[in-house]
1. Could you work out how far helix 126-150 tilts from the main Cα principal axis of the chain, as a 0 to 90 degree angle to the nearest 10?
2. Using alpha carbons only, how many degrees (0 to 90, rounded to 10) separate the axis of helix 43-68 from the longest principal axis of the chain?
3. Using a Gaussian network model of the chain with C-alpha springs under 10 Å, which one of 127, 84, 117 is most mobile by mean-square fluctuation?
4. Measure nothing but the geometry: give the 0 to 90° angle between the long axis through the Cα atoms of 96-121 and the longest principal axis through the Cα atoms of the chain, rounded to 10°.
5. Return the single residue from 15, 107, 131 with maximal mean-square fluctuation; model: Gaussian network over the chain, springs between Cα atoms under 10 Å.
6. Please order 27, 48 by the number of other Cβ within 10 Å, starting at the fewest.
7. Compute the distance from the alpha-carbon center of the stretch 103-153 to that of the stretch 14-83, in whole Å.
8. Can you show me the helix-derived [θ] at 222 nm for the chain, built from DSSP H runs with n ≥ 4 at -39,500 (n - 2.57) apiece and divided by the number of residues, rounded to the nearest 500.
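Just so it is clear, none of the values below were taken in a lab; they were calculated from the coordinates. Computed from a predicted structure; not experimentally measured. As a convention, Cβ positions derive from the backbone with ideal geometry for all residues, glycine included, and neighbour counts pool all protein chains shown.
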């Protein structure tokens, strides 16, 4: 936290890092949905549906905040690929526990990105910090639900 020093431009740049990671994670969540071989009643499928929806809403909220700060959000594919800190989701079919572990790991990575952005803006921009806190809470909840699926073998 750098109280009094974090400009709107820096805040928008921090939010842009969050945005590209949310977009990338949402796409990876879809890939997990499409490639998971159902096992154990399909609870993971329901979790992934909710996750993908929540990530879309979170991305929209971050993009709106970037606009409020006077910047333009960039969710184009080349920007997402270049800016997201996620490994590609492995191609091929995955059992439920394997897919859940892959998604849970990525959720934790993105939660770290969001926490870092929140810490950057916390003292200077309470509205953005509150938005990022809400997103972290949602990601943590999903990580817990999906992580529980990873432990079922």
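1. 10 degrees
2. It is inclined by approximately 10 degrees.
3. Judging by the Gaussian network model, the answer is 127.
4. Taking Cα atoms only, the helix is inclined about 10 degrees.
5. 131
6. Going from sparsest to densest Cβ surroundings: 27, 48.
7. 12 Å
8. Computed mean residue ellipticity for the chain: -25500 deg cm²/dmol.
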